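Below is one structure, written out as structure tokens; comments come after it.
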Amino acid sequence: MYDSDFKSIVFNNYFDYLDQDIIRDKINIIKNKDYDKENRISVYQTPFNSIIFSCSIFYEKLNNNIKITDKIISIKQLKNKFNNQGFTEETNTHCLFLNPENHKRVNPPKDYIIKDIDEKFEAEFNELKTDCSKEDLDEAQVSLSDDYIVGCFYEKKLVALASYWFWGEKLADIGIITHPKYRNNHLAKATLSYLSLQGIKNDRINIYRHAADNEASKRLALAMNFKEEMFIETTKLL
């Protein structure tokens, strides 16, 4: 499977998951009432187009001021069209995908075991959360209620956890966290390798997201052969 073929498969499934009439190679503007509370606008930059999700109060302005015959628009270009409107600073999320042909097998170190877990491991998970920072937990976005979860154990201690949120029938969004005292020994790589292989075996497309300023998360994804194919720019109206 060539990368270009895989990219088309990824985004055909992603556009289907959005459950919108996405027009490829054109800017798409979509009203999202879930954004109304925060007056938020997000621009999803795919290899084929920009998809704008807008709060209701800004939706008409966007339709009247953007040429949807164009393919791409950045959040800065969007804001420049409305000079009298105040915005917050942008936040960016990077989205990487794993071509199954590029899956990298990494085994855990000796005496570490990776296995499927569920809500029966609540005590172990709570201990892991206690030892991690709020920033780590916010970035990881993992819980025992996620769709599929694996844990890495040293003896009986849970030292890393990775999970999936399933997006539709094909996409699997990854969350991962490692105990601060057990980092730098390939546990995150081994746990991510195990999880992503399970996704591949079940015909799922692995998606890895990280905040733009999280260099450690970025390095992990790239080391495991994920490739960036989309980023999300978000701002809010003042």
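No value in this document is a laboratory result; all are computed from the given coordinates. Given the structure is predicted, the values throughout are model-derived calculations rather than measurements. Here the Cβ is made from the backbone with ideal geometry for all residues, glycine too, and neighbour counts use every protein chain on show.
For the chain, the longest principal axis of the C-alpha atoms and the axis of helix 122-131 are separated by about 70°. Applied to the range 108-121, the Karplus parametrisation 6.51 cos²θ - 1.76 cosθ + 1.60 on θ = phi - 60° returns per-residue 3J(HN,Hα) values of x, x, 4, 6, 10, 10, 10, 8, 5, 9, 8, 5, 5, 9 Hz, with x for Gly and Pro.
For the range 202-224 and the range 77-156, what is the separation of their C-alpha centers, rounded to whole Å? So the separation of the two Cα centres works out to 9 Å.
Report relative contact order for the chain in percent, whole number only (criteria: Cα-Cα under 8 Å, sequence separation at least 6).
Details: 417 pairs, mean separation 65.8, N = 238.
That works out to 28 percent.
Scanning residues 5 or more positions from Ile117 or on other chains, those with amide H under 5 Å from its amide H are Ile149, Val150, Gly151, with H placed 1.01 Å from N in the peptide plane. Quick one: angle between helix 3-18 and the longest Cα principal axis of the chain, in degrees between 0 and 90, rounded to 10, please. The helix 3-18 is inclined about 70 degrees to the chain. For the range 3-96, the relative contact order works out to 25 percent when only alpha carbon pairs closer than 8 Å and six or more residues apart are counted. The count of lysine pairs in the range 97-228 that are at least 8 places apart or cross chains, and whose C-alpha atoms lie under 15 Å apart, stands at 17. In order along the range 56-72, the phi-based Karplus estimate (6.51 cos²θ - 1.76 cosθ + 1.60, θ = phi - 60°) of 3J(HN,Hα) comes to 4, 5, 10, 4, 5, 4, 5, 4, 8, 10, 10, 7, 6, 6, 6, 9, 10 Hz; Gly and Pro are listed as x.
Phi angles of the range 156-167 translate, via the Karplus equation with coefficients 6.51, -1.76, 1.60 and θ = phi - 60°, into HN-Hα couplings of 9, 8, 7, 10, 7, 8, 9, 8, 10, 9, 7, 9 Hz per residue; Gly and Pro are given as x.
Can you put Arg40, Arg204 in order, fewest other beta carbons within 10 Å first?
On the way: Arg40 18, Arg204 22.
In increasing order of surrounding Cβ atoms, one gets Arg40, Arg204.
For Asn32 and Ser4, what does the FRET efficiency come to when R0 = 30 Å and r is the distance between their Cβ atoms, rounded to the nearest 0.05? All intermediate terms of the calculation are to be shown ahead of the outcome.
Values: r = 30 Å, r/R0 = 1.00.
The calculated FRET efficiency here is 0.50.
The label-point distance for Glu169 and Lys67, in a model that sets each label 7 Å from Cα toward Cβ, rounds to 3.8 nm.
Does the range 177-220 classify as rounded, prolate or oblate by the C-alpha gyration tensor (a ≥ b ≥ c root eigenvalues; a/c under 1.5 gives rounded; else a/b over b/c gives prolate, otherwise oblate)? Could the numbers behind the result be given before it?
Values: a/c = 3.18, a/b = 1.41, b/c = 2.27.
Since a/c reaches 1.5 but b/c is at least a/b, the shape of the range 177-220 is classed as oblate.
Using the Cα gyration tensor of the range 97-228, with a ≥ b ≥ c the square roots of its eigenvalues, what is the shape: rounded (a/c below 1.5), prolate (a/b larger than b/c) or oblate (neither)? Rounded is the answer for the range 97-228, as its axis ratio a/c remains below 1.5.
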